[in-house]
Amino acid sequence: MRIGVLTGGGDCPGLNAVIRAIVRKGVDHHGHEIFGFRDGWRGPLEGDCEQLTIESVRGILPRGGTILGSSRTNPLKREDGVEAIRRNMESLSLDGLIAIGGEDTLGAAAKLHEAGLPVLGVPKTIDNDLAATDLTFGFDTAVQVATEAIDRLHTTAESHHRNLVVEVMGRHAGWIALWAGLAGGADVILVPERPFDIEEVCKLIRRRHERGRYFAIVVVAEGAVPIEGTMEISDGEVDEFGHVRLGGIGQRLEREIERRTGFETRATVLGHIQRGGTPTAFDRVLATRLGVAAIDAASERRWGTMPALRGMRIELVPLADAVRELRTVPIEDLEVAEVFFG
Ligand code: F6P
């Protein structure tokens with residue numbers, strides 16, 4: 001068989017481990033030829049690809065990013081997008097395509113499959129917000145990076161008797177904020193799932209002062225929002241999938257907390273540091289298992305599916321299940337975090 005592979009959306013540590021696994025098992029075990037499309041859906045739209053060999057994927061297991069490049073190109077926004085991909089796949093005599101991505105890339109993959117194209121997906125995102133899988137690779141690495149940052153910020157916050165606001169990624173779901181906040185012993189964690197009351201946040205900080213703790217660590221997901229009408233926030237630009245470019249809530253909180261409490265407050269935005277660099281061992285193993293399962297599924301022409309982590313096992317699930325809704329943080333997990341607030 002001849003199989004294409006692409007990586008779309010925000011990059012994520014572990015992507016190269018998936019590509020390597022697909023090529024190693026695909027070529028050595030199944031005897032397939034594997035073609036890597038460049039820059040997400042732009043590759044199949046423009047027929048931009050290269051053949052991947054055992055040699056060309058050597059040494060990439062611990063490397064962050066993706067050797068194929070990525071983009072937020074939405075094939076369904078292009079006039080004739082579905083037909084262009086169909087034509088390019090036919091001219092390369094491809095039997096199928098494996099799309100490695102998050103909600104947007106897999107959402108497009110599911111639509112292309114509905115349109116009759118032989119596509120299957122592999123779940124990835126540092127945000128950990130895909131349904132139908134218990135975890136996504138990249139999340140563990142992002143939590144590790146954010147936790148290390150919080151540990152470092154803790155010592156300097158304490159020395160200077162100031163509050164530090166740490167803004168982490170998480171557009172619609174607060175998984176990174178919650179896990180890194182819990183692991184780093186944050187005093188307040190704010191997530192998109194539950195709009196926050198700025199006065200409550202300030203109350204927790206004041207209570208710490210009363211107890212002789214003259215600093216606080218506030219972890220905020222970039223998508224966290226205040227309860228309507230309590231604090232001003234700005235609108236940003238939107239990408240091809242209609243997502244607003246986020247960022248800025250950390251700085252808003254810095255100003256607001258300092259103004260309301262009178263205690264010095266500074267903000268740190270971790271941004272893309274959370275997505276860059278080498279994957280943790282956990283993410284390398286999960287990505288490798290998903291890559292092997294994906295090429296096995298492609299060999300059996302199980303189009304329209306996606307390997308997912310269910311408990312400790314990898315299982316094939318319908319691709320449509322992964323994109324039907326986002327997996328957000330449940331209230332009971334937030335309640336665990338609240339035990340340690342203030
Ligand atoms: O979807 C993953 C993610 O890292 C989000 O957490 C974040 O909002 C977004 O990507 C940032 O994307 P960009 O690379 O376009 O700034």
Suppose the filter is within 30 Å of residue 3 (Cα to Cα) and either touching a helix residue (DSSP H, G or I) at 6+ places or on another chain (Cβ under 6 Å) or within 14 Å of the ligand (Cβ to nearest atom) (or both); does residue 312 pass it?
no
Does at least one position in the stretch 75-90 carry a residue that is polar (S, T, N, Q), within 30 Å of residue 282 (Cβ to Cβ) and outside any loop (DSSP other than H, G, I, E, B)?
no
Residue under question is residue 27, and the condition is that it be under 23 Å from residue 296 (Cα atoms), more than 16 Å from the ligand (Cβ to nearest atom) and assigned to a strand (DSSP E or B); does it hold?
no
Would you confirm whether any residue within the stretch 119-138 is touching a Leu at 6+ places or on another chain (Cβ under 9 Å) and assigned to a helix (DSSP H, G or I)?
no
Look at residue 96 and say whether it is out of contact with any strand residue (DSSP E or B) (no Cβ under 8 Å at 6 or more places or on another chain) and modelled with pLDDT of 95 or more.
no
Of the listed residues (324, 313, 266, 302), the one being among the basic types (Lys, Arg) and within 19 Å of the chain's Cα centre (by Cα) is 324
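Tell me the residue from 68, 52 that is surrounded by 23 or more Cβ atoms within 10 Å (Cβ to Cβ) and out of contact with any Leu (no Cβ under 8 Å at 6 or more places or on another chain), please. Before you say what the answer is, go through the steps one by one.
Details: 68 fails: out of contact with any Leu (no Cβ under 8 Å at 6 or more places or on another chain).
It is 52.
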Name the residue, out of 155, 230, that is of a type in the set (Ser, Thr, Tyr) and touching a residue at least 12 places away in the same chain (Cβ under 8 Å).
230
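Can you report the number of residues in the stretch 94-118 which are in a helix (DSSP H, G or I), within 17 Å of residue 297 (Cα to Cα) and under 14 Å from the mean Cα position of the chain (by Cα)? Spell out how you get there, then give the answer.
So the first thing to find is which residues in the stretch 94-118 are in a helix (DSSP H, G or I), and the list is 103-114.
Subset that is within 17 Å of residue 297 (Cα to Cα): 106, 109-110, 113.
Filter once more, so that each one left must be under 14 Å from the mean Cα position of the chain (by Cα): 106.
Going through the stretch 94-118 one residue at a time, the tally reaches 1.
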Single residue of 238, 168, 219, 201 found to be of a type outside the set (Ser, Thr, Tyr) and at pLDDT below 95
238
What's the number of the condition residue 291 fails, among (1) closer than 27 Å to residue 149 by Cβ; (2) outside the structural domain of residue 175 (by TED's automatic domain parsing); (3) buried (at least 16 other Cβ atoms within 10 Å of the Cβ)?
(1)
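Taking the condition of being in a helix (DSSP H, G or I) and farther than 18 Å from residue 101 by Cα, how many residues in the stretch 31-46 meet it?
Initially, the stretch 31-46 is screened for residues in a helix (DSSP H, G or I), giving 42-46.
Subsequent filtering for residues that are farther than 18 Å from residue 101 by Cα retains 46.
Matching residues across the stretch 31-46 total 1.
I need the full set of residues from the stretch 1-35 which are touching a Cys at 6+ places or on another chain (Cβ under 8 Å) and crowded, with 24+ Cβ neighbours inside 10 Å, in order please. Explain how you work it out, then say what you get.
Of all residues in the stretch 1-35, those touching a Cys at 6+ places or on another chain (Cβ under 8 Å) come to 4, 35.
Passing the criteria: only 4.
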In the stretch 119-139, which residues are under 14 Å from the mean Cα position of the chain (by Cα), small (Gly, Ala, Ser) and away from the ligand (no atom under 12 Å from the Cβ)?
131
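Identify, from the list 158, 79, 167, the residue that is of a type in the set (Asp, Glu), crowded, with 20+ Cβ neighbours inside 10 Å and more than 14 Å from the chain's Cα centre (by Cα). It would help to see each step written out before you state the result.
Working: 158 fails: crowded, with 20+ Cβ neighbours inside 10 Å; 79 fails: crowded, with 20+ Cβ neighbours inside 10 Å.
It is 167.
Results for (1) of a type in the set (Val, Ile, Thr); (2) at positive phi, shown as yes or no for each residue.
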site	(1), (2)
24	no, no
31	no, yes
38	no, no
41	no, no
47	no, yes
57	yes, no
61	no, no
67	yes, no
76	no, no
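The values are calculated or read from the model by the stated rules, or taken from the named source; none is laboratory data. Values in this document were obtained by computation on a predicted structure and should not be read as measured data. Methodologically, a virtual Cβ is constructed for each residue, glycine included, from the backbone with ideal geometry; neighbour enumeration extends over all protein chains shown.
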